[in-house]
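This report refers to the structure that appears directly beneath it.
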Amino acid sequence: MPFPDEPHLVAVLDYQPRWVADFERLAGTLRDALGDQARAIDHVGSTAVPGLAAKDCVDAQVLVDDIEEDRQVALLAAIGFRCRPEPWNRTETSSGQECRKLVFAPPIGARRCNVHLRRLDGPNARFALLFRDYLRADGTARQGWGDFKKRLALSVPDLSDNGQIKAPATTVLMAAAERWATETGWRPAPRRTT
């Protein structure tokens with residue numbers, strides 16, 4: 001759920017090339033704040049896929065050795081980031097395994113983003129990278145996913161409702177992504193380390 005200063009309605013934009021630079025600035029801020037806690041920082045989500053329509057909200061995945069909530073929350077809170085409190089922002093199921101995570105909102109007034117802290121070896125970290133890389137590689141899937149998100153945002157603009165409807169469609173998309181990964185021998189690309 002968004003904090004009171006964040007939009008509650010979904011608006012999907014055509015791909016914006018500036019999202020790459022927005023991520024780079026965010027990654028630099030996160031590297032400075034987290035230091036050796038951040039083993040890798042990746043641009044994930046729809047804004048990481050050239051040509052894909054997306055909400056104007058950059059997603060960064062920070063890979064850590066372990067979720068150390070008190071320490072990591074304190075490091076990011078020191079620069080204004082807010083840990084999202086909802087249960088679905090604390091755990092997620094990926095490949096049948098429950099995985100801990102932390103999700104942070106930006107400081108009040110800062111550029112919209114979500115910062116996802118996940119374990120370096122977690123299946124949920126792989127999921128985020130596979131989502132991105134599959135949609136980068138498959139133009140038909142990319143176009144279809146973007147068109148779906150645009151139509152959904154027009155008919156269901158409430159953020160929570162939109163997410164509930166999008167979740168099962170994401171499952172279908174990721175089944176195709178897993179087939180693609182098997183067929184191509186996909187592995188996550190080397191990651192940016194701090």
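The values are calculated or read from the model by the stated rules, or taken from the named source; none is laboratory data. If you're wondering where the values come from, they're calculated on a predicted model, not measured in any experiment. In this analysis, Cβ positions are derived from the backbone assuming ideal geometry, glycine residues included, and neighbour counts consider all displayed protein chains. Ligands, DNA and RNA are excluded from the accessible area calculation, which covers all protein heavy atoms including side chains. Shrake-Rupley method; radii C 1.70, N 1.55, O 1.52, S 1.80 Å.
List of remarks:
- If you go through region 1-47 and pick out every residue that is surrounded by 14 or more Cβ atoms within 10 Å (Cβ to Cβ), within 22 Å of Ala141 (Cβ to Cβ) and among the charged types (D, E, K, R), you end up with 1.
- Selection within region 107-156 - part of a loop (DSSP other than H, G, I, E, B), touching a residue at least 40 places away in the same chain (Cβ under 8 Å) and open to solvent by 50 Å² or more (accessible area, probe 1.4 Å): Ile108, Gly109, Arg111, Arg112, Leu120
- Scope region 180-191; condition surrounded by 12 or more Cβ atoms within 10 Å (Cβ to Cβ) and more than 16 Å from the chain's Cα centre (by Cα); matching residues: Trp180, Ala181, Trp186
- Selected residue (criterion: surrounded by the most Cβ atoms within 10 Å (Cβ to Cβ)) from residues of region 94-106 that are of a type outside the set (A, V, I, L, M) and in contact with a helix residue (DSSP H, G or I) (Cβ under 8 Å, 6 or more places away or on another chain): Phe104
- Residue match in region 160-179 (condition: open to solvent by less than 20 Å² (accessible area, probe 1.4 Å) and closer than 30 Å to Arg31 by Cβ): yes
- Every condition in (1) of a type in the set (A, V, I, L, M, F, W, C); (2) in contact with a strand residue (DSSP E or B) (Cβ under 9 Å, 6 or more places away or on another chain); (3) under 16 Å from Leu117 (Cα atoms); (4) touching a residue at least 12 places away in the same chain (Cβ under 8 Å) is met by Leu75 except one, and the failing one is (2).
- Only one of the numbered conditions (1) open to solvent by less than 60 Å² (accessible area, probe 1.4 Å); (2) closer than 25 Å to Ala141 by Cα; (3) in contact (Cβ under 8 Å) with a residue 60 or more places away in the chain; (4) not charged (D, E, K, R) is not met by Pro50, and that is (1).
- So Gly35, is it at positive phi and not in a loop (DSSP other than H, G, I, E, B): yes
- Checking Leu76 against (1) part of a helix (DSSP H, G or I); (2) surrounded by fewer than 20 Cβ atoms within 10 Å (Cβ to Cβ), the condition it does not meet: (2)
- Residue within region 11-20 that is in contact (Cβ under 8 Å) with a residue 40 or more places away in the chain and either closer than 21 Å to Arg82 by Cα or under 13 Å from the mean Cα position of the chain (by Cα) (or both) present: no
- Every residue from region 59-73 that is more than 18 Å from Asn124 (Cα to Cα) and open to solvent by less than 20 Å² (accessible area, probe 1.4 Å): Gln72
- Restricting region 49-93 to residues that are within 22 Å of Phe23 (Cβ to Cβ) and among the polar types (S, T, N, Q), the residue that is nearest to the chain's Cα centre (by Cα) is Gln61.
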